[in-house]
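Structure first, then comments.
The values are calculated or read from the model by the stated rules, or taken from the named source; none is laboratory data. This one's a predicted model, so the numbers in the text were calculated from it and none came from an experiment. Virtual Cβ from ideal backbone geometry, glycine too; neighbours counted across all protein chains shown. Accessible surface is based on the protein model in full, side chains and every heavy atom, while ligands, DNA and RNA are left aside. Shrake-Rupley method; radii C 1.70, N 1.55, O 1.52, S 1.80 Å.
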Amino acid sequence: MAAAPTIPVPLTNFITVNNHRYFANHPTIQLIDHCSNADHLKQIHAQMLRAGLFFDPFSASKLIHSSVFTEFSSLHYAHKVFDQIPHPNLYSWNVLIRAYASSPQPINCISMFIRLLHEGREKPNKFTYPFVIKASAKLADLQLGKGIHGMVIKEGFSSDLFVSNCLIHLYAECRCLDMSARVFSSMPQRDVVSWNSMINGLAQNDCVDEALEFFRRMEREGVNPNDVTMVGVLSACGKKLDLKFGRWLHSYIEKNGITLSLILGIMDAITVQQA
DNA sequence: ATCACACGGG
């Protein structure tokens, strides 16, 4: 197999992202954003190989991003591109880890994460963990989740709002609601997603009264519920067959101007019907 | 330059 030619590129202009300086002025790299089909993307890929641009981690990450996020490309292709990058930066790792987390094979997200731990020049950051936790949640793998949680604590991300919200959801998916509650109560600050994750987790695990209790607590603490909150609360209410409370929720939704998305409308109708 | 939460019955 012939080695890719590595013609040095005159890299004179920089852009600054996250306090790092990158070369991003190469005409081939600028083409990436205007690429309109898979063949075009492959041509850019070929030009990058000829120009040695894969040795610039920022340029390589641009191609990875395009390979993953354009609808004419596939995750398989993106992974092959990734494997050709000599020194992928953390952004490139995260792009692939993220794509696998929302793919039908979340286990590949975990494999990439383990590769990152072994091969990466940078440690996982606050963006990496939410993707990996999401994959563990989809796998409903409690052992794996606990392991990742341990790393989160060790690496100092346990007070990150996004990471904690993911952990609440993860433990709920593993039917481990006492752990969800433990994460929730340890948070230095919470937002509506933290409450939603608790309420929906409880409702899905048939802990109806607890879900409604969290909703009341949320109200007391002055956090404004949104449409996702109401899906969980209505679901709990439907399981409880409580018509009176269902009707109260109905007027509550209208009174508080909560967006009546299609799902919420259907949920609402079902709750009233069931009771 | 990236991150989190949702529905029930056909």
Problem set entry | Subset of the stretch A:215-234 (residues that are open to solvent by less than 30 Å² (accessible area, probe 1.4 Å) and out of contact with any Asp or Glu (no Cβ under 7 Å at 6 or more places or on another chain)) | A:Phe215, A:Met218, A:Pro225, A:Thr229, A:Met230, A:Gly232, A:Val233
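Residues A:His87, A:His65, A:His76: which one is open to solvent by 50 Å² or more (accessible area, probe 1.4 Å), in a loop (DSSP other than H, G, I, E, B) and not acidic (Asp, Glu)? Give the derivation first.
Numbers: A:His65 fails: in a loop (DSSP other than H, G, I, E, B); A:His76 fails: in a loop (DSSP other than H, G, I, E, B).
Among A:His87, A:His65, A:His76, only A:His87 is open to solvent by 50 Å² or more (accessible area, probe 1.4 Å), in a loop (DSSP other than H, G, I, E, B) and not acidic (Asp, Glu).
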For this session: Search the stretch A:48-62 for residues that are not assigned by TED's automatic domain parsing to the domain that holds A:His79 and pair each with any residue that is in a helix (DSSP H, G or I) and within 15 Å of DNA strand B (Cβ to nearest atom) when their beta-carbon atoms are under 6 Å apart and the residues are at least 6 apart or on different chains.
Result: none
For this session: Return yes when A:Ile29 is assigned to a helix (DSSP H, G or I) and either of a type in the set (D, E, K, R) or outside the structural domain of A:Ile110 (by TED's automatic domain parsing) (or both) and no when it is not.
Result: yes
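How many of the residues making up the stretch A:227-264 are within 9 Å of DNA strand B (Cβ to nearest atom) and either assigned to a helix (DSSP H, G or I) or touching a strand residue (DSSP E or B) at 6+ places or on another chain (Cβ under 7 Å) (or both)?
Initially, the stretch A:227-264 is screened for residues within 9 Å of DNA strand B (Cβ to nearest atom), giving A:227-232, A:234-236, A:238-239, A:259, A:261-264.
Those still in the list that are either assigned to a helix (DSSP H, G or I) or touching a strand residue (DSSP E or B) at 6+ places or on another chain (Cβ under 7 Å) (or both) too: A:227-232, A:234-236, A:238-239, A:262-264.
Counting residues in the stretch A:227-264 that are within 9 Å of DNA strand B (Cβ to nearest atom) and either assigned to a helix (DSSP H, G or I) or touching a strand residue (DSSP E or B) at 6+ places or on another chain (Cβ under 7 Å) (or both) gives 14.
Given the condition under 25 Å from A:Ile148 (Cα atoms), within 19 Å of the chain's Cα centre (by Cα) and within 13 Å of DNA strand B (Cβ to nearest atom), answer yes or no: does some residue in the stretch A:51-62 qualify?
Step one: filter the stretch A:51-62 for residues under 25 Å from A:Ile148 (Cα atoms), giving none.
For the stretch A:51-62, residues under 25 Å from A:Ile148 (Cα atoms), within 19 Å of the chain's Cα centre (by Cα) and within 13 Å of DNA strand B (Cβ to nearest atom): absent.
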Seminar exercise, completed: With the first residue restricted to the stretch A:126-147 and required to be closer than 14 Å to A:Arg98 by Cα and assigned to a loop (DSSP other than H, G, I, E, B), and the second required to be charged (D, E, K, R) and modelled with pLDDT of 95 or more, Cβ contacts under 9 Å at 6 or more apart or on different chains are A:Lys126/A:Asp160; A:Phe127/A:Arg98
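Residue-wise test of (1) over 18 Å from the mean Cα position of the chain (by Cα); (2) open to solvent by 10 Å² or more (accessible area, probe 1.4 Å); (3) near DNA strand B (Cβ under 9 Å from one of its atoms).
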{"residue": "A:Leu96", "(1), (2), (3)": "no, no, no"}
{"residue": "A:Ala101", "(1), (2), (3)": "no, no, yes"}
{"residue": "A:Phe113", "(1), (2), (3)": "no, no, no"}
{"residue": "A:Ala135", "(1), (2), (3)": "no, no, no"}
{"residue": "A:Met151", "(1), (2), (3)": "no, yes, no"}
{"residue": "A:Val163", "(1), (2), (3)": "no, no, yes"}
For this session: Kindly indicate whether any position in the stretch A:196-214 is surrounded by fewer than 21 Cβ atoms within 10 Å (Cβ to Cβ), within 8 Å of DNA strand B (Cβ to nearest atom), on the phi < 0 side of the Ramachandran plot and at pLDDT 95 or above.
Result: yes
Seminar exercise, completed: The number of residues in the stretch A:8-41 that are open to solvent by 100 Å² or more (accessible area, probe 1.4 Å) and modelled with pLDDT under 55 is 2
For this session: Search the stretch A:245-275 for residues being of a type in the set (D, E, K, R) and under 19 Å from A:Asn226 (Cβ atoms), and hand back the single one that is surrounded by the fewest Cβ atoms within 10 Å (Cβ to Cβ).
Result: A:Lys255
Problem set entry | Residue count for the stretch A:41-76, restricted to those that are of a type in the set (Ser, Thr, Tyr), touching a Ser or Thr at 6+ places or on another chain (Cβ under 6 Å) and more than 19 Å from A:Phe127 (Cα to Cα) | 2
